[in-house]
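Accompanying notes for the structure given below.
Read the figures in this text as sums done on the coordinates, not as results from a lab. Just so we're clear, the structure is a prediction, and the values are computed from it rather than from any experiment. We place every Cβ from the backbone using ideal geometry, glycine too, and count neighbours over all the protein chains shown.
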Amino acid sequence: MKITSPHSILEEVRQFIDEEIRPYAADFEKQQALPRELIKKMGNKRYLAASFSEQYGGLQLHPLEYGSMVEEIGKGALSAAMLLTVTTGLVGETLIRWGTEYQKEQYVLPIARGEKIGAFALTEPGVGSGAKDVQTSYEKVGDKYRITGRKKWISFGEIADFFIVIASDSSGNGISAFIVDCEQEGVRVQKIQGLLSCAASQLADIELTNVEVGSERLIGKERMGFTGVANFALDQGRFNVAWMGVGLAQEALEVMVTYARKRTQSGEKIFNFQLIKGIIGDATTNVHAARSLCKEAARMRADNHPDAIVQTTMAKYFSSVVANKVASDAVQVLGANGCCNLYPVERLFREAKVLEIIEGSSQIQQQIIAMHAANRHYQPKRVTGL
Amino acid sequence: MQLHEQIREFILANLVVFDDDVDFTNDDNIFELGFVNSLFAMKLVTFIESEFRLTIESDEMEISNFNTINNIVNFIQSKSVYK
């Protein structure tokens with residue numbers, strides 16, 4: 001895969017964001033929804049299929065270019081980037097990798113055209129990081145599968161046309177993944193209220209009561225739902241979230257720098273105070289470091305490197321931590337103005353926290369990275385006598 | 001490097017048990033022994049696809065293709081370019 005037009009798509013995306021997304025980011029959150037018209041426009045421009053190959057209606061962007069696009073959209077409005085994370089990454093890429101031709105035709109192509117939105121239903125009221133313990137179960141009845149259970153915190157669950165549902169075999173022999181349409185009998189969707197931030201990501205609680213699906217809706221082989229489908233999807237999600245973190249941090253940095261150069265205190269622009277320069281110096285370095293980790297992950301993904309999974313995990317972990325630090329520092333530099341929704345950093349501060357929780361908490365990422373380190377950095381001959 | 005050794009080396013580089021004396025035969029089930037985890041399965045798929053220039057299809061994602069060194073080698077050899 002080669003980058004053929006490194007700037008053209010990003011220039012177009014930036015213009016689209018400046019016109020259609022950034023000016024309305026706070027409104028999206030107030031309305032607790034992305035306008036359907038915006039989603040349609042993103043579909044028409046094939047942004048929702050930006051990483052897909054042309055065969056599936058996509059723009060076939062190199063992971064570096066796709067990541068930069070997610071960064072740009074994340075800068076404009078985190079919930080808009082979240083839509084790509086969910087419907088493009090978690091759902092679309094997973095169906096392209098493991099789905100049948102029927103599933104690609106029925107679900108991937110409509111995503112690419114902006115006609116359908118897919119959501120990824122893994123998390124449950126009592127099951128977050130321990131995804132292997134999902135309580136939603138299925139049983140085979142004749143030639144169909146019958147699914148019962150409850151999913152929670154499902155981003156874009158409120159407006160999704162279909163879900164990838166991860167469920168456990170009722171006899172406990174393994175986990176499988178199914179496609180469930182939102183309008184099927186036994187599916188009940190309820191919007192989740194009272195969120196800290198990202199209300200425009202339209203999170204929902206999904207209740208499944210004896211929902212029947214045929215074998216044509218089973219993704220991959222039975223019992224490869226966790227090892228194959230869920231792990232693959234989460235890896236896609238983490239790559240997206242990593243770039244979203246860079247976007248949010250970059251936005252906070254730009255507001256912080258601009259404010260510091262304009263704001264006068266005691267007859268001096270606050271940028272000239274050494275302690276403010278210290279904050280901005282650290283923030284700039286951290287944003288650059290986070291983006292570098294993301295770029296390395298993108299290159300390794302393009303090369304299909306086995307360690308791309310861990311590199312993506314490191315990028316997601318670091319960039320979401322940096323997003324929190326930079327957004328918090330931006331509030332600090334803006335002082336009382338930073339605590340008010342007249343300035344965007346108040347929203348960025350609240351949104352950043354979400355990045356450390358979704359697609360695996362920071363603590364789960366640390367665990368994966370540490371296990372990797374235990375193999376890669378073990379030098380038994382250098383430490384002896386124990 | 002022999003195929004069996006190449007696969008063994010990859011498994012050893014991705015263990016989730018940290019015993020210096022860990023040992024297993026080419027027929028031992030590395031998942032049942034707890035030597036590797038589900039993330040390893042994904043890494044293994046990527047490793048096989050990139051190292052041997054294969055595409056693993058959805059219907060080939062059977063644990064029995066990947067749970068022992070011999071099964072992994074047999075699977076790779078069963079793909080057309082290695083026949």
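Would you please classify the overall shape of region A:89-165 from the alpha carbon gyration tensor, given that a ≥ b ≥ c denote the square roots of the eigenvalues, rounded means a/c under 1.5, and beyond that prolate means a/b larger than b/c while oblate covers the rest? Oblate, because a/c is 1.5 or more while a/b does not exceed b/c.
Give me the percent of Cα-Cα pairs in region A:228-375 that sit more than 20 Å apart, rounded to a whole number.
Result for the distance tail: 50 percent.
Checking every one of the trypsin sites (Lys or Arg not before Pro) in region A:311-386 against DSSP loop status and a limit of 13 other Cβ atoms within 10 Å picks out A:Lys381, A:Arg382.
The separation of region A:42-58 from region A:341-365, counted between C-alpha centres, amounts to 27 Å.
The convex hull around the C-alpha trace of chain A, projected and averaged over every direction, spans 22.3 square nanometres.
Taking N as the number of residues in region A:228-294, what is its alpha-carbon radius of gyration divided by 2.2 N^0.38 Å? Before the final figure, lay out each step's value.
Values: Rg = 16.8 Å, N = 67, 2.2 N^0.38 = 10.9 Å.
Relative to the rule-of-thumb radius for its length, region A:228-294 sits at 1.55.
In nm², what is the average projected area of the convex hull enclosing the Cα atoms of region A:119-219? The Cα convex hull of region A:119-219, projected and averaged over all directions, gives 6.2 nm². Of the GluC sites (Glu not before Pro) in region B:1-59, the ones in a loop by DSSP (not H, G, I, E or B) with at most 16 other beta carbons within 10 Å are B:Glu32, B:Glu57.
One equal scatterer on each Cα of region A:9-116, no solvent, Debye formula: the resulting log10 I(q)/I(0) at q = 0.18 Å⁻¹ is -0.82. Shown for A:Asp18, B:Asp28: other C-beta atoms within 10 Å of each C-beta, ranked fewest to most, produce the order A:Asp18, B:Asp28.
Relative to the longest principal axis of the Cα atoms of chain A, the long axis of helix A:345-355 makes an angle of roughly 40 degrees.
Quick one: Kirkwood hydrodynamic radius for chain B, alpha-carbon pairs, angstrom, one decimal? Could you put the intermediate results ahead of the total?
On the way: mean 1/r = 0.0768 Å⁻¹.
After inverting the pairwise mean of 1/r, the radius is 13.0 Å.
Is region A:64-127 best put as rounded, prolate or oblate by its Cα gyration tensor, with a ≥ b ≥ c the root eigenvalues, rounded for a/c under 1.5, and otherwise prolate when a/b is larger than b/c, oblate when not?
Values: a/c = 1.98, a/b = 1.24, b/c = 1.60.
It is oblate, given that a/c is not under 1.5 and a/b is not larger than b/c.
The phi torsions of region A:231-237, fed into the Karplus equation with coefficients 6.51, -1.76 and 1.60 and a -60° offset, translate into couplings of 4, 5, 4, 5, 5, 4, x Hz, rounded to whole numbers, with Gly and Pro shown as x.
From other protein chains only, count the Cβ atoms within 10 Å of every residue's Cβ in B:8-14, then give the mean. Please list the in-between numbers first.
On the way: counts 0, 0, 1, 0, 1, 5, 7.
For this peptide, the per-residue mean of nearby foreign Cβ atoms is 2.
With the convex hull drawn around the C-alpha atoms of region A:47-86, the volume per residue stands at 50 Å³.
Note on B:Phe52 and A:Leu196: their simple-model spin labels are 4.5 nm apart, each label 7 Å out from Cα toward Cβ.
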